[in-house]
Structure formats: C-alpha cells, structure tokens
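Asks: Okay, here's the structure, questions in a sec.
None of the figures in this text is laboratory data; all of them are computed from the coordinates on show. Bear in mind the structure is a predicted one, so any value in this text is a computation, not a measurement. Cβ placement follows ideal geometry from the backbone for every residue including glycine, while neighbour counts extend to all protein chains displayed.
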Amino acid sequence: MFHPSSTDIAGRIEDLYGASLADLEAHAQDQPPGMLCALLGMHGELALAERSIDFHRDHLARLIHPERQIGPHEVSHLLDGTRQLAEAVAVREVQAKSVAAVLQSLARVPAPTPSPSAPSPPVPAPPLPAQSTAPSR
C-alpha cells in the first residue's frame, strides 16, 4: 500500500495554501490553532517517523554487517532495533494515511474575483420629523 512521503505531503500543503512550507510555518506561529497548524503538525510527525526509520534501518544494517560477529549480546540489540524500526514504520503509516485523508478532503478555494462595478444601492432618505396631531397653542 502506497502512502505519500513527507516531501509529497509538504508539496500538497504548499499547493493547498499557495505558499512555501517555511512561510506557512512562520504564519502559523501567529495564528490560533486551526487546520493549517494541524496539517503542519501531522507533516512534522510524518517527517520525524521517516527519519526514525532511516536511523533504525542504518543501525540494523551496521549490526548485521557480514564482517561482524553476532553473539548473544548483539541479539538483544538486533531485537530492540527491529522493534524500534517496526514502531517507526507503524507511526509513519498512520501519519501518512491520516494526513493524506485530510488533504484529500480539502480543496483550495479560488481567490474571490472582484465583481464588475455595479451601482451602489441608493441611500435611503432620512426619516421625516414626526408630526404631532395635538393642536398647537
């Protein structure tokens, strides 16, 4: 099953909001929490999970290098590295699936087009002063 990478997600967020990710992150700092903050947070978690996958995969590759002996002590490190890699993959899959679903449900709203200069509605006439029905003195 294909899930988009954090780079793909960053591009989709940029397309949706019409600005670079760095600009959007700076803008989000000054805004109350909303959809942009949620998307940026999900993107950040996805990117972190991808870096964790890379780290644990490289660590396991060093542990099982063909010139390296695997003894009882190394087995516990292999098992722990494998568990951490599996956790990072699971987090990555959940984050990618979630953010892709949210982005799929959103669409960029076109900028409002200025309407042709229509005549403004006439200003209502001021109300007339009330006339009293009582006889004057």
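Asks: Could you rank the peptides 8-21, 69-82 by their average count of other C-beta atoms within 10 Å per residue, with the highest value first? Walk me through the numbers on the way to the answer.
Replies: Details: 8-21: 16.0, 69-82: 11.1.
The most tightly packed comes first, giving 8-21, 69-82.
Asks: Please give the residues of the stretch 19-61, grouped as numeric ranges, whose backbone N is less than 13 Å from a label point set 7 Å along the Cα-to-Cβ vector of SER76.
Replies: Nothing falls inside the zone, counting backbone N under 13 Å.
Asks: With a 10 Å radius around each residue's Cβ, average the other Cβ atoms per peptide and rank 97-107, 49-59, highest first.
Replies: So the peptides 97-107, 49-59, ranked by packing, come out 49-59, 97-107.
Asks: Sort 38-45, 86-93, 26-33 for me by packing, meaning the mean count of neighbouring Cβ atoms within 10 Å per residue, highest on top.
Replies: Working: 38-45: 17.8, 86-93: 15.8, 26-33: 10.0.
Going from most to least packed, we get 38-45, 86-93, 26-33.
Asks: Hey, with R₀ at 35 Å, roughly what FRET efficiency would ALA101 and ALA19 work out to, going by the Cβ-Cβ distance, to 0.05? Mind showing how you got there, number by number?
Replies: Working: r = 22 Å, r/R0 = 0.64.
It comes to 0.95.
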